[in-house]
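Remarks on the structure that follows.
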Amino acid sequence: MAESVQLPVIDISSSDRISTANSIRQACIEYGFFYLINHGISEELLQTVFDESKKFFSLPLEEKLKLSRKGDVGFAPIYAENLDSSSTSKGDLKETFHIGPLEGEESRLNLWPSKGTPNCLGYNLFFTSILTIFIKISEILPSWRMLMEKYYKKVLCAGKELSSLIALALNLDDDYFEKIGASDNPFGFLRLLHYPGEGEIAVSDSEVVYGASAHSDYGMITLLATDGVRGLQAIFHNKHKLLIVVYKSVCKDKYKQPRTWENVSHVKGTFIVNVGDMMERWTNCLFRSTLHRVMPTGKDRYSIAFFFDPNQDCIVECLKSCCSESNPPRFPPIRSGDYLRERINAAYSSSK
């Protein structure tokens, strides 16, 4: 049985920004994960978002498929994605709904269940011994879009504040990521996730199943809210060490064998924050983009991830504060949008 890791806790509201930045630096070097408190999102709002997410995922599959993924937004059913292309699994045991940027051209691509979905009937709401009541989706989710947009904007604000503290943690000006076009107009995605419980999906005894197979996140930082059901695990090879071995333009420690997985516990009122691959590239592997996964537990599990990623046109290249003659850049410069597109396409194509 996996042990639970004790992650650092970062107070984003602290008036001592330098001390907070130093704590973030240590957490990102040693773990690539930390808990974030006082982030500005109330427990009431978060619980309402979870409730509305559960309502959506409780709809019949045929109704959810009317909002099927187009581009990077909308609904994706179980097994649509495989985050570990080396896995023999037919796909990850989860269903998702993605909401993209709320401003600019991308905002028009978002799909919403509350309006504009013709002939949608919802089931599964109220059961009595006498009859089942059928209610239209618009009646089930009357304020779904307004609520998700509110939550998106608040987490986006938390992400921007966190990015400024990360800049300080890297001995940069606190507005550095804004100046280079990363966080002034970030490419943020809200991802609602449902991992089915025992008995909901038939799985053979010989089949290897993951809620989310082993992966590192692709972008800058991820802010994750969980519902308290266990399942999230990560590998912390670099825990309590400051030395990172690099080989063939990847952080070799990430793929060290054997893999020892540790549970990442739910802590009420916090976000679980983890570093993404682009931040690892920016920092020349100083900050860790840690491998993690979600294991099935036999219970329904819900989580809400916010991917705070750079503007698509932002060029991600090694920071001057993270390289030297003895420690040259390990990755070539990349355009953020191109890198994300390649990684996302690979995850969905490998499940087929």
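The values are calculated or read from the model by the stated rules, or taken from the named source; none is laboratory data. For clarity, every value in this text was computed on a predicted model and none was experimentally measured. Cβ placement follows ideal geometry from the backbone for every residue including glycine, while neighbour counts extend to all protein chains displayed. Accessible surface areas use protein heavy atoms only, side chains included; no ligands, DNA or RNA. Shrake-Rupley method; radii C 1.70, N 1.55, O 1.52, S 1.80 Å.
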Run through segment 1-64 and list the GluC sites (Glu not before Pro) located in a DSSP loop whose Cβ has at most 12 other Cβ atoms within 10 Å. E3
Simple label model, 7 Å out from Cα along Cβ direction - I18 to V267, nm: 2.5
Taking protein heavy atoms only, a 1.4 Å probe, and rounding to whole percent, the accessible area of segment 1-75 owed to carbon and sulfur comes out at 49
Along the positive direction of the dipole of segment 1-52 (beta-carbon charges: Lys, Arg +1; Asp, Glu -1; about the Cα centre), which of Q26, G40, I12 reaches farthest? Q26
Gain in length, Q6 to M146, computed as 0.36 nm per residue apart minus the alpha-carbon separation, to one decimal in nm? 46.8 nm
On the full set of protein chains, 1.4 Å probe, figure out the accessible area of R281 and give it in Å² to the nearest 10. 30
Using a 1.4 Å probe and ignoring any ligands, DNA or RNA, find the accessible area of R330 and quote it in Å² to the nearest 10. 70
Give me the percent of DSSP beta bridges within segment 1-109 that run antiparallel, rounded to the nearest 5. 50
Accessible-area value, D313, 1.4 Å probe, nucleic acids and ligands omitted, Å²: 100
